1. Look at segment 154-200 and say how many of its residues are in a helix (DSSP H, G or I), in contact (Cβ under 8 Å) with a residue 40 or more places away in the chain and aliphatic (A, V, I, L, M).
2. Working carefully through the options Glu429, Glu468, find the one that is in a helix (DSSP H, G or I) and either within 20 Å of Met237 (Cβ to Cβ) or at pLDDT 90 or above (or both).
3. Would you mind finding the one in Phe388, Phe367 that is assigned to a helix (DSSP H, G or I), out of contact with any Gly (no Cβ under 8 Å at 6 or more places or on another chain), at pLDDT below 95 and more than 30 Å from Lys451 (Cβ to Cβ)?
4. For segment 202-225: of the residues being under 28 Å from Ile308 (Cβ atoms) and among the hydrophobic types (A, V, I, L, M, F, W, C), which is least open to solvent (accessible area, probe 1.4 Å)?
5. For Ser167, state whether it is in contact with a Gly (Cβ under 9 Å, 6 or more places away or on another chain), more than 25 Å from Arg29 (Cβ to Cβ) and surrounded by fewer than 16 Cβ atoms within 10 Å (Cβ to Cβ).
6. In this structure, does Phe276 turn out to be open to solvent by 30 Å² or more (accessible area, probe 1.4 Å), farther than 25 Å from Pro455 by Cβ, outside any loop (DSSP other than H, G, I, E, B) and not small (Gly, Ala, Ser)?
7. Give the residue that is farthest from Ala263 (Cα to Cα), with candidates limited to residues of segment 170-201 that are among the polar types (S, T, N, Q) and open to solvent by less than 50 Å² (accessible area, probe 1.4 Å).
Amino acid sequence: MANRGNFSGRIGFILAAAGSAVGLGNIWRFPYLAGENGGAIFLLVYLGCILLLCYPVMVGEIAIGRAANSDAYGSYNKLGGKKWGYLGLFGIIAGILILSFYNVVAGWAFGYFLHISFGDLLNLQDFGGFFGAFVNDILDVSSAHGLANSNLIFSLFFMVFTAIIVSQGIQKGIEASNKIMMPSLYLILLGIIVYSLTLPNAFSGVKFYLVPDFSELKIQTVVDGLKQAFFSLSLGMGALITYGSYLSKKENITSSAAVISIADTSVAFFSGLMVFPLVHFLAFKLNINPTEIGTSGPPLIFVVLPQIFHEMGPILGRIIGGSFFLLVCFAALTSTISLLEVPVAYLVDQKKYNRKGVVWAMALIIFVCGLPSMVSQGMMPALNKLGFYRGQDFLTFISDMSDICLTVGGCLMSIFISRRWGIHNMDAELANGNNNYMTSRVRKFLHITLKWIAPILLGFLSIVIILEKFFGIENLI
């Protein structure tokens, strides 16, 4: 266990954990969910969920990992006994499921980066038709629109790149890569925001995003905000337990978790500040209602945004569009790294396997597990409309399963701390590196949340999601 590696210090841990949190959830899911849920009012709900619920759960996960100095399974097993070890395995399996479909979407983003930057995608007129063909035929390696069009190859490349980084270990791989990608991500994001605010009708999008309309507040808005917060912060699946196990006892967990939460939330916030001015610019150019494109769901960044980049002209469109999809690739990669590290850490810690061999074996297994999600976008009709899942495709099924796993995992983790490991043991761990913790208001806040609010709210939310997704029972709350 002594050779498993550690982060070099507070900055390395924060950048890696923030990289784990920052991902497609911030740039792919957050804008379209905000568009579907009233813009500014969804932003307020999301911020409230981060502060009141997700931050305490994050602190708890990191504390568990550092106290046990082990992977997700090993941490629960060491601190709570063998039965609780199964909760760690549950989180590891959830991480594998998420990475299996996450890598597919990351491959789409990488393909779009290449097609916009070096191909002639922006010369098209039917962006929806291109996206449909792109995700449908995974084996097309012919020169389409200036480049090979195989998202099988794009996703494979993404997984290989992820494996290369993780195989290098904690400091030389995970920490070093995040020290490059996280600052780069912010620079690209802020650069696109500055440009987007110069476009016609941009401030109409800013108003939609920052001025709340409380008539848009619905129960579904709260449910979507909480699901998004958990997905965005990588909670409930063992990633932060694993990263916490590499953290020195000298570091302050509560303040580090606060910085990580702020970093993740800022990327989501800036993503909205980037996307909605662009959406309202396109609405102005096409003389249509912005809600028609701002609420277009998952295709928002793959169909609507390329059309926006097309409207910017051949040079600026290529620069801004290429930069945007490079941003998405960086965000996705920082998360795929942490998702792959979760099962790798388990096999290294518990089975004593060689890290590099385990990394490549798990990368291959997870890539193969992602193939059903990849072919479910039209290539294989049986997976395009699942009879047992209300006609939804397989990728949507896995994505929804992931949401359930995260909320269930967060609920059970809270119960573990308050009912098994003990709040007093968590306090003792959090006091390491924080001499003022025992007398702080943060301690009282964490006690209330992890004892009562998190288990009750996340347990209820898990039931609601299961009934809604699997049985089609809506409007329960």
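1. 16
2. Numbers: Glu468 fails: either within 20 Å of Met237 (Cβ to Cβ) or at pLDDT 90 or above (or both).
Only one candidate qualifies: Glu429.
3. Values: Phe367 fails: at pLDDT below 95.
Exactly one residue qualifies, and that residue is Phe388.
4. Residue satisfying both the conditions and the ranking: Ala202.
5. Numbers: in contact with a Gly (Cβ under 9 Å, 6 or more places away or on another chain): yes; more than 25 Å from Arg29 (Cβ to Cβ): yes; surrounded by fewer than 16 Cβ atoms within 10 Å (Cβ to Cβ): no.
The answer is no for Ser167.
6. Values: open to solvent by 30 Å² or more (accessible area, probe 1.4 Å): no; farther than 25 Å from Pro455 by Cβ: yes; outside any loop (DSSP other than H, G, I, E, B): yes; not small (Gly, Ala, Ser): yes.
So Phe276 fails the test.
7. Going through segment 170-201, the residues among the polar types (S, T, N, Q) turn out to be 171, 177-178, 184, 196, 198, 201.
Subsequent filtering for residues that are open to solvent by less than 50 Å² (accessible area, probe 1.4 Å) retains 177-178, 184, 196.
Numbers: Ser177: 17, Asn178: 13, Ser184: 14, Ser196: 22 Å.
Here the residue is Ser196.
So that you can scan it fast, the table gives a plain yes or no per residue for (1) of a type outside the set (A, V, I, L, M); (2) in contact with a Phe, Trp or Tyr (Cβ under 7 Å, 6 or more places away or on another chain):
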{"position": "Lys218", "(1), (2)": "yes, no"}
{"position": "Thr221", "(1), (2)": "yes, yes"}
{"position": "Leu226", "(1), (2)": "no, no"}
{"position": "Phe231", "(1), (2)": "yes, no"}
{"position": "Leu240", "(1), (2)": "no, no"}
{"position": "Ser245", "(1), (2)": "yes, no"}
{"position": "Lys249", "(1), (2)": "yes, no"}
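The values are calculated or read from the model by the stated rules, or taken from the named source; none is laboratory data. What you see is a predicted model, and the numbers here were worked out from it, not measured in a lab. Here the Cβ is made from the backbone with ideal geometry for all residues, glycine too, and neighbour counts use every protein chain on show. The area values use the complete protein model at the heavy-atom level, side chains included, leaving out ligands, DNA and RNA. Shrake-Rupley method; radii C 1.70, N 1.55, O 1.52, S 1.80 Å.
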